[in-house]
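The values are calculated or read from the model by the stated rules, or taken from the named source; none is laboratory data. Since we're looking at a predicted model, the values are computed, not measured. A quick note on method: Cβ atoms are made from the backbone with ideal geometry, for glycine too, and the neighbour counts reach across all protein chains shown. Areas reflect the complete protein model, heavy atoms only, side chains present, ligands, DNA and RNA absent. Shrake-Rupley method; radii C 1.70, N 1.55, O 1.52, S 1.80 Å.
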Amino acid sequence: MKRAIEELAAIIKNSKNTVVMTGAGMDTESNIPDFRSKDGWWNKVDPMKVANIDAFYEHYPTFHEFYSARIKSLDRVVPHKGHYVLADLERAGYIKSIATQNISGLHSQAGSKTVYELHGNLRRIRCNECYQEHSIDDFLTKAACNYCGKKALRPDVVLFGETLPASIWDKAIKDVEDSDALIIIGTSLQVYPVNQFPYMTRGKVVFINMERVDGYNFDLEIIGKAGEILNELGHILL
Ligand code: BJW
């Protein structure tokens, strides 16, 4: 593992444009469960009943209960060492941006500046009908939208069957297409369209994850905990 992390440090040093892409495995060491591991969300609840746009229309009480619990649990989480290392690497000029599938906001909380939240942000509430922003309290109390009057508040996250926010997606893919190195951290790469990133760069692709995934040819794979690996990387580069 030490040699692989040294190889990763060399890739970053030799790259002019390094982009990081993160998934739920980046946040598990901050005690936020991922989705598809043994203790992940989708082994406890059916994603089609809670994280699908049809669920919002057809099972609102279940949808509301699931996201209320997730929002409340964010009060107890803080970034871990790995989030801070990524922020420090950006500050030191080693990485250009982070494209994340995570909705926790932990990268920005740790100090990262250029963060593309491709699946939205759990703390941002909007009306499903008119997009008017609302407070978390409005969502938790099932208030009606104070602009259009509809009872349709929801977290501003991307549910299955919805498209990703276009302007954020465009910026992220521009950075990925321009990158000399793409570092992918903590994702099963099962969800489209973010799972296309490895094919969008002509640069080196590094995969850091607890387990291997099929279907990709990475230039470097480091199997282990993201926080520990990034901590080690920080010792070499910072
Ligand atoms: C660690 C670790 C540690 C753990 N260190 N590692 C059929 C074929 C292909 C595509 C489709 C299809 N049918 C439908 C689709 C499209 C669909 C899709 O991809 N479905 C597949 C699942 C089949 N995609 C969409 O609908 C997307 N929109 C779209 O495509 O628009 C165009 C379109 C519209 C309409 C019709 C057709 C096309 C939107 C996807 C939105 C995903 N939303 C969610 C929920 C967000 C809100 C919420 O959080 O509740 O996003 S689902 C969930 O999965 C969440 C995540 O961001 C996303 C990705 O998960 P991630 O991050 O990869 O987590 P895990 O758990 O899967 O993996 C974690 C990994 O980390 C594991 O490997 C662990 O081992 C590892 N790990 N701890 C290192 N400490």
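For this structure, a couple of remarks:
- From the list LEU122, LEU118, the lone residue that is within 12 Å of the chain's Cα centre (by Cα), over 29 Å from ASP180 (Cβ atoms) and either within 16 Å of the ligand (Cβ to nearest atom) or assigned by TED's automatic domain parsing to the domain that holds LYS171 (or both) is LEU122.
- Complete set of residues in the stretch 1-40 that are under 21 Å from the mean Cα position of the chain (by Cα), more than 14 Å from LEU189 (Cα to Cα), among the charged types (D, E, K, R) and surrounded by fewer than 22 Cβ atoms within 10 Å (Cβ to Cβ): GLU29, LYS38, ASP39
- Meets criteria (over 15 Å from the mean Cα position of the chain (by Cα) and open to solvent by less than 30 Å² (accessible area, probe 1.4 Å)) for ALA144: no
- Test for PRO155: is it under 20 Å from the mean Cα position of the chain (by Cα), within 13 Å of the ligand (Cβ to nearest atom) and surrounded by fewer than 19 Cβ atoms within 10 Å (Cβ to Cβ): no
- Residue within the stretch 197-206 that is among the basic types (Lys, Arg) and buried (at least 18 other Cβ atoms within 10 Å of the Cβ) present: yes
- Scan of the stretch 43-63 for residues that are surrounded by fewer than 16 Cβ atoms within 10 Å (Cβ to Cβ) and not hydroxyl-bearing (Ser, Thr, Tyr), ordered by number: ASN43, LYS44, VAL45, ASP46, PRO47, MET48, LYS49, ILE53, ASP54, GLU58, PRO61
- Hey, GLY161 within 30 Å of HIS64 (Cβ to Cβ) and surrounded by fewer than 14 Cβ atoms within 10 Å (Cβ to Cβ) or not: yes
Matching residues to (1) away from the ligand (no atom under 16 Å from the Cβ); (2) in a loop (DSSP other than H, G, I, E, B):
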position	(1), (2)
PHE139	no, no
TYR147	yes, yes
THR163	no, yes
SER167	no, no
ILE173	no, no
VAL191	no, yes
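- Any pair with Cβ under 8 angstrom, 6 or more apart, that starts in the stretch 11-27 at a residue that is within 17 Å of MET200 (Cβ to Cβ) and ends at one that is open to solvent by 20 Å² or more (accessible area, probe 1.4 Å) and assigned to a strand (DSSP E or B): SER15/LYS204
- Those helices (runs of 4 or more DSSP H) of the stretch 1-102 in which 2 or more residues are touching a His at 6+ places or on another chain (Cβ under 9 Å) and more than 10 Å from the ligand (Cβ to nearest atom) occupy 81-91.
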